[in-house]
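Only one structure is covered here, and it is reproduced in the block below.
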Amino acid sequence: MKKSRLFIPALIIAVVMVFALIFGFHLGEVHDEQLAEQAAEAYVTLDGDTIPFRADISSQAAFTIRTNDSTTYFCDIIYPSTLAHLYCTFRWTDTCHIGQLHHEARRMVSFHSKVALAIEEVPLRNQQGASGSLFVLKGDVATPYQLALTDGNTYFFNASLYFDSGAHAGDVPDLVAAMRRDIDRLVYSFSAIR
């Protein structure tokens with residue numbers, strides 16, 4: 001008698017669990033598809049009409065060119081909702097000057113060594129032939145990321161992240177992490193256009 005009383009509730013629980021698993025897998029597939037669509041919508045490609053490079057930036061960001069001449073472009077990627085600002089410089093150059101530009105980028109990073117708890121250099125390379133370094137500055141620093149990219153022959157691109165509000169990286173860790181994703185996307189989509 002006791003076995004039959006336990007069998008029906010156990011059967012109901014088993015059936016509910018099977019339906020929950022099936023329904024859960026379906027929801028997971030729908031969620032994965034939605035995430036992929038959102039990721040595609042989260043970025044736009046700078047088209048290269050007014051600048052000599054192509055890269056993906058956040059659809060929430062604004063892109064402006066401050067000044068340019070035939071070889072140097074000073075441009076900004078501005079995130080109005082977060083007051084983050086990625087100051088960028090693109091230079092057409094030659095192999096003789098790329099070493100100097102790398103040295104200058106490292107010197108700019110070293111200015112923050114008095115305040116930074118640590119500076120990590122992350123080597124970068126993308127499928128379009130760009131390589132370089134992402135400098136990750138930890139601690140109460142004004143710029144948590146500085147970037148240097150080149151093809152080794154014709155151009156040099158560097159960028160520094162700052163917060164217009166005067167916040168330091170330690171004040172806004174979630175924002176710093178989000179900006180890292182955007183910088184990674186920029187790096188791995190970056191290519192120069194002649």
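What follows is calculated from the coordinates using simple rules that are stated; it is not laboratory data. Remember, it's a predicted structure, so these values are computed and weren't measured experimentally. Virtual Cβ from ideal backbone geometry, glycine too; neighbours counted across all protein chains shown.
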Exercise. Label point 7 Å out from Asp171 along Cα-to-Cβ: which residues of the range 116-158 have amide N under 15 Å?
Worked result: 139-144
Exercise. How large is the charge dipole for the range 94-194, taken about the Cα centre, if only the Cβ atoms of Lys, Arg (+1) and Asp, Glu (-1) carry charge, to the nearest 20 debye?
Worked result: 180
Problem set entry | Ellipsoid semi-axes in whole angstrom, largest first, where each is sqrt(5λ) of the Cα gyration tensor of the range 43-192 | 23, 19, 13
Exercise. Using 7 Å Cα-to-Cβ label points, what is the Arg125/Thr50 separation (nm, one decimal)?
Worked result: 3.5
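Taking the Cβ of each residue in His103, His85 as the centre, tally the other Cβ atoms inside 10 Å and list the residues starting with the fewest. If you can, show how the numbers build up before the last one.
Numbers: His103 10, His85 18.
With the fewest neighbours first, His103, His85 line up as His103, His85.
If you take the square roots of the eigenvalues of the alpha-carbon gyration tensor of the range 111-194 and sort them as a ≥ b ≥ c, do you get rounded (a/c under 1.5), prolate (a/b over b/c) or oblate?
Note, shape of the range 111-194 comes out prolate.
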Exercise. Residue-wise, which Karplus ³J(HN,Hα) couplings in Hz belong to the range 128-140, taking 6.51 cos²θ - 1.76 cosθ + 1.60, θ = phi - 60°, and x for glycine or proline?
Worked result: 8, x, 7, 9, x, 9, 10, 9, 9, 9, 9, x, 8
